[in-house]
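Notes to accompany the following structure.
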Amino acid sequence: MKLLSNVKSYLNQNIAIKFAITFIGLFLIFYYFNVYFFGLTSVGNHYNSFLDQHLNYISWLRWLLLNTSAGILNFIGFAAIVNKYELLVSGHGAIRLIYTCLGLGVMSFFVAFVIAYPKKLKSKLIFLITGLLTIQLLNIIRLMLIALYWNRDRERVIDHHTIFNLFIYIIIAVALYFWVNSKSNSPHASN
């Protein structure tokens, strides 16, 4: 019991270490929960039909991304249609939106960082909502551009996932830098 008390006291005195441990722990929980949930909602060994039919947030996110992308493309004059996994733009191309395209890893990183960082709850909530919406808006733009201009037949050294991940992590790093250094920063904020 004394050891636990000493560890807790040490972490409260060393905010950077507490942040790092909390961030890494939350990231691993969020990331692997998504992977595990995806496994539960995909037909196979551990499939759970109740989760798949009633609580499948991964399927809902895929539906939102595909239908929003198609809606915007149709609004600006393209003929786009979707099914459960694909976006097709007439005369251009098609994309298949698989699990790794949803941005769940990026969102897990972002959410874990914001929750772990010692700021006031209001600041965290505002930044979380705007950050997650921005990440998905950029993902929608990426999906539309890929559907319009990506050619599978060309050889590529770097694929669009790598480029998007690099781009989005740079944007997140810049946003986090400004958020961490904003006036509302309070390292001992009460949550």
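Just so it is clear, none of the values below were taken in a lab; they were calculated from the coordinates. This is a predicted model, so every value here is computed, not measured. No Cβ is skipped: glycine too gets one built from the backbone with ideal geometry, and neighbour counts run over all protein chains shown.
On inspection, I146 fails the criterion of being more than 30 Å from A94 (Cβ to Cβ) and touching a helix residue (DSSP H, G or I) at 6+ places or on another chain (Cβ under 8 Å). Using the structure shown, decide if A16 is free of Cβ contacts under 8 Å to residues at least 40 places away in the same chain and crowded, with 16+ Cβ neighbours inside 10 Å. In short, no. Note on segment 87-111: residues that are out of contact with any helix residue (DSSP H, G or I) (no Cβ under 7 Å at 6 or more places or on another chain), surrounded by fewer than 14 Cβ atoms within 10 Å (Cβ to Cβ) and in contact (Cβ under 8 Å) with a residue 12 or more places away in the chain total 3. Evaluating K119 against the criteria (1) out of contact with any helix residue (DSSP H, G or I) (no Cβ under 7 Å at 6 or more places or on another chain); (2) in contact (Cβ under 8 Å) with a residue 60 or more places away in the chain; (3) at positive phi leaves one unmet condition, (3).
When segment 25-50 is filtered for residues that are within 22 Å of G103 (Cα to Cα) and either aromatic (F, W, Y) or exposed (fewer than 11 other Cβ atoms within 10 Å of the Cβ) (or both), the ones remaining, listed by number, are F27, F30, Y31, Y32, F33, Y36, F37, F38, V43. Within segment 77-106, can you find the residues that are hydrophobic (A, V, I, L, M, F, W, C), under 22 Å from L133 (Cα atoms) and not in a strand (DSSP E or B)? Of everything in segment 77-106, those that are hydrophobic (A, V, I, L, M, F, W, C), under 22 Å from L133 (Cα atoms) and not in a strand (DSSP E or B) turn out to be L97, I98, C101, L102, L104, V106. Looking across segment 123-148, the residues that are without any contact (Cβ under 8 Å) to a residue 40 or more places away in the chain, surrounded by fewer than 20 Cβ atoms within 10 Å (Cβ to Cβ) and either farther than 14 Å from Y169 by Cβ or among the charged types (D, E, K, R) (or both) come down to L125, I126, L128, I129, T130, L132, L133, L137, I141, L145.
Scanning segment 51-80 for residues that are surrounded by fewer than 16 Cβ atoms within 10 Å (Cβ to Cβ), within 17 Å of M107 (Cβ to Cβ) and of a type in the set (A, V, I, L, M) returns a single hit, L64. In this structure, T22 does satisfy being surrounded by 17 or more Cβ atoms within 10 Å (Cβ to Cβ), of a type in the set (S, T, Y) and farther than 30 Å from Y149 by Cα.
Among the residues here, N74 does not qualify as in contact (Cβ under 8 Å) with a residue 60 or more places away in the chain and assigned to a helix (DSSP H, G or I).
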